[in-house]
Number of protein chains: 2
Amino acid sequence: MAHPKLSVRGATSPASPIRRLMPHADFAKSRGVHVHHLNIGQPDLPTVSPMRAAYQRFAEPVVAYSPSQGFAEYREALARYYNGLDIARGGPPIAADQILVTTGGSEALLFAIAAACDPGDSILVVEPYYTNYRGFAHMLGVEVVPVASEASEDFAIPAARVRAAIGARTRALVVPSPGNPTGAVLSRASLEALAAVCRERGLFFIVDEVYREFVYPAGGDLPSVAPSVLGVPDMAEHAVVIDSVSKRYSACGARVGCLVTRNADFYAACLRFAQARLSPPTVDQHAAMAALETPAAEMRGMIDEYRRRRDVLVGGLRSIPGVSCPTPRGAFYLVADLPVDDAEAFCTFLLREFSLNGETLMLAPAEGFYATPGKGRNQVRIAYVLGCARLERCLAILRAGLHAYEGRAAS
Amino acid sequence: MAHPKLSVRGATSPASPIRRLMPHADFAKSRGVHVHHLNIGQPDLPTVSPMRAAYQRFAEPVVAYSPSQGFAEYREALARYYNGLDIARGGPPIAADQILVTTGGSEALLFAIAAACDPGDSILVVEPYYTNYRGFAHMLGVEVVPVASEASEDFAIPAARVRAAIGARTRALVVPSPGNPTGAVLSRASLEALAAVCRERGLFFIVDEVYREFVYPAGGDLPSVAPSVLGVPDMAEHAVVIDSVSKRYSACGARVGCLVTRNADFYAACLRFAQARLSPPTVDQHAAMAALETPAAEMRGMIDEYRRRRDVLVGGLRSIPGVSCPTPRGAFYLVADLPVDDAEAFCTFLLREFSLNGETLMLAPAEGFYATPGKGRNQVRIAYVLGCARLERCLAILRAGLHAYEGRAAS
């Protein structure tokens, strides 16, 4: 008998540091401690009402495949949504056949990286970056090359730094805006500067815009919806938008996203990948189409809630000695510096050895969001996916936990 | 400005011949002709009743992510289903943590090929084969190496032929049973013979069992459920099952499948791929769990209906001069030889130039199911996804169409 061998990609596929903490969270729960999960982007806010109603309304006799590119009616509705945002004004309006419906934003990323890169090619990502960019790239045999961004610079992305990182096999720049994990939002000017680099060097510019609506402008420095690469002129060939209903409508489990590009060849390549997997989910697409009818007040309420949470969290963090963070301008994440050497060890401590009034906290060690060894070791990502009252309790736990951890280290 | 370049895999990803026929089908519809679609595996039968009810019952406030491996409760129910089928008797019972819930059987195939193969490695497939095996392999940089099966041999898969096709970089044998496109079902003995080759040569044996229940035994030569590789002894390391609710419960658009393996390392690799894409669809998983409660009579009714259709179709085809096909023993497809040189040209003729009482037919040219150039040129795949009365009309259209096509060629 000969033993079958896992592929190298299978054997070495990255597991995130959050996963390493899971058993510790289970341990905390087993000792009766309530764990507040600020470690993942799973909001507590209800899924928007038209979406919930759509599931209950579904009454077709056959849950059939949809077209591989998604239902035409949904793609037309999405085109109206994009064109209504006025983010397409840098080019012709977005047409339904420039939109490919995918199984979550995740699949849109997978297709985009596969269409841009062959095995051995590379994508540029700005660290700290969304960990799953690396997962998809790894699966496709693609290298991830980090470009540094710094908390001290509000996680801005200087075009010169991107340009300097481009190598012979670089095929695309992949950036989320609003950003996960940083909450940074690219201004129109930053987006244009990065787009210019991509045009000049022949890269695809893949922009993950799933948090588009979740921006918190201060003094008019940003529009009320994050600037989109779809609105940057002369980018028809280069620009690819990744989108999803997960966060916008608080429907992470619906697994409906899309990819938008004016590049017909790129679209055709992604469509062939999509044809192999037949169809995105049918009932979820109906729900996602209904989501586009969400009343403006309901959307506004959600955005205002995140802004309140951000303010509570940022204010609270800065009041804890040794803790600092830039003000996130969008999404519902931030990256904070903690007064510890090893944030993962501290997060483990919180779960295994600490509690305050029977409660503790799970945070995401930020080291997993960096490709450069050692970077982010003292940082955590915090997702503000819980209400303000609970966030206040989380802040008290963090403050007390840091104090206890310091005392423990000194003893 | 430098133009961005599609990857080679993006530029060369295979499009199926069915896709080439799509514009011709649109043309037929534009001239007012009704097109019967026997070209795709989208059944007309209603989705099983407990599944439809489950969508309407869904009332959770947040459509949240499920665990990346799927809901524990669903995986436990699936384990009971597998163990209840008594197909696991060759080894220990299947446990919930040997089941990974995926977004359709498609994603299970993608993960399995990625876990078995690196770019440049290859999988063996038995031609004619399910076209999308090639699509997933292509996306992952993996070669597809065909092993011939012949209509004249009832599409049996001789182990010696598989053994002879194994090369230095072969990592897995991928076989559907019951088969798409052939409808062939591997007997327990065939499965064991192929399993022995995989054990001997260190290959993963990836068996796509999504049509497990759709078998039509004749004289007790097959059990009433297709034999599963899960029941073959000494295959814990090698065996991987691909499964899906799409066909079994007539719910293709639900996008819920799973991968089953007793190989813990293989499972762990697939789970890491699954973690990158976060979650399979949540509401669809609830519906899929409900599907397991489908009354036996409802399942039986569906299987009997397919058997009736098969009998109508096979009998009808064989009564047409020059048409032949083996008797399919499972699934709802068959591959038929037509008395034409080029089945794609004939299928195009049916759509563009022919109709009978305002109706015509769309079939899948079988050449796309072969990797060997020229093979299957005179064959079509027919999916019996329409009721008997409609199949009778389709047979009349085919008969008349072949007659007209012959006359046209002669003129």
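The values are calculated or read from the model by the stated rules, or taken from the named source; none is laboratory data. Being a predicted model, the structure only gives us computed values, none of them experimental. Here Cβ is always computed from backbone atoms with ideal geometry, including for glycine, and neighbour counts include all displayed protein chains. Ligands, DNA and RNA are stripped out before the accessible areas are found, and what is left, the full protein with its side chains, is counted by its heavy atoms. Shrake-Rupley method; radii C 1.70, N 1.55, O 1.52, S 1.80 Å.
Things to note:
- Considering residues of region A:30-43 that are within 30 Å of residue A:251 (Cβ to Cβ) and polar (S, T, N, Q) only, the residue nearest to the other protein chains (Cβ to nearest Cβ): A:42
- Hey, residue A:323 away from chain B (no Cβ under 12 Å), surrounded by fewer than 21 Cβ atoms within 10 Å (Cβ to Cβ), over 21 Å from the mean Cα position of the chain (by Cα) and of a type in the set (Val, Ile, Thr) or not: yes
- For residue B:314, the stated conditions hold: it is in a helix (DSSP H, G or I), out of contact with any strand residue (DSSP E or B) (no Cβ under 6 Å at 6 or more places or on another chain) and either modelled with pLDDT under 95 or among the β-branched types (Val, Ile, Thr) (or both).
- When the residues of region A:158-172 are filtered to those that are in a loop (DSSP other than H, G, I, E, B) and at pLDDT 95 or above, the one that is surrounded by the fewest Cβ atoms within 10 Å (Cβ to Cβ) is A:168.
- Residue A:46 open to solvent by 20 Å² or more (accessible area, probe 1.4 Å), at the interface with chain B (Cβ under 7 Å from one of its Cβ atoms) and modelled with pLDDT of 95 or more: yes
- Scanning region B:107-122 for residues that are open to solvent by 10 Å² or more (accessible area, probe 1.4 Å) and assigned to a helix (DSSP H, G or I) returns B:107, B:110.
- Hey, residue B:145 surrounded by 21 or more Cβ atoms within 10 Å (Cβ to Cβ), away from chain A (no Cβ under 14 Å) and out of contact with any Lys or Arg (no Cβ under 8 Å at 6 or more places or on another chain) or not: no
- Region A:274-286 residues that are more than 17 Å from residue B:10 (Cα to Cα) and within 7 Å of chain B (Cβ to nearest Cβ), paired with ones that are open to solvent by less than 10 Å² (accessible area, probe 1.4 Å) and aromatic (Phe, Trp, Tyr) (beta carbon under 6 Å, 6 or more apart): A:283/B:55
- Restricting A:406, A:359, A:353 to residues that are under 27 Å from residue A:252 (Cβ atoms) and of a type in the set (Asp, Glu) narrows the list to A:359.
- Each residue in region B:1-29 was checked for being without any contact (Cβ under 8 Å) to a residue 60 or more places away in the chain and more than 9 Å from every other protein chain (Cβ to nearest Cβ), and 4 of them qualify.
- When residue A:76 is tested against (1) in contact (Cβ under 8 Å) with a residue 60 or more places away in the chain; (2) open to solvent by 40 Å² or more (accessible area, probe 1.4 Å); (3) farther than 27 Å from residue A:192 by Cα, only condition (1) is not met.
- Considering (1) of a type outside the set (Asp, Glu); (2) surrounded by fewer than 23 Cβ atoms within 10 Å (Cβ to Cβ); (3) in contact with a Phe, Trp or Tyr (Cβ under 6 Å, 6 or more places away or on another chain), the lone condition that residue A:331 does not fulfil carries the number (2).
- Meets criteria (more than 13 Å from chain A (Cβ to nearest Cβ), farther than 19 Å from residue B:228 by Cα and open to solvent by 20 Å² or more (accessible area, probe 1.4 Å)) for residue B:154: yes
- Here residue B:363 does not qualify as in contact with a His (Cβ under 8 Å, 6 or more places away or on another chain), in contact (Cβ under 8 Å) with a residue 60 or more places away in the chain and buried (at least 18 other Cβ atoms within 10 Å of the Cβ).
- Only listed residue being open to solvent by less than 10 Å² (accessible area, probe 1.4 Å), touching a helix residue (DSSP H, G or I) at 6+ places or on another chain (Cβ under 6 Å) and either within 13 Å of chain B (Cβ to nearest Cβ) or within 29 Å of residue B:1 (Cα to Cα) (or both), chosen from A:240, A:175: A:240
- The lone criterion from (1) within 19 Å of the chain's Cα centre (by Cα); (2) touching a residue at least 40 places away in the same chain (Cβ under 8 Å) left unmet by residue A:253 is number (2).
- Residues in region B:102-132 that are more than 12 Å from chain A (Cβ to nearest Cβ) and in contact (Cβ under 8 Å) with a residue 60 or more places away in the chain: B:124, B:125, B:127, B:128, B:129.
- Of all residues in region B:80-97 being part of a helix (DSSP H, G or I) and within 22 Å of the chain's Cα centre (by Cα), the one that is nearest to the other protein chains (Cβ to nearest Cβ): B:81
- When restricted to residues that are open to solvent by less than 60 Å² (accessible area, probe 1.4 Å) and either out of contact with any Lys or Arg (no Cβ under 8 Å at 6 or more places or on another chain) or not assigned by TED's automatic domain parsing to the domain that holds residue B:359 (or both), region B:12-36 contains 6.
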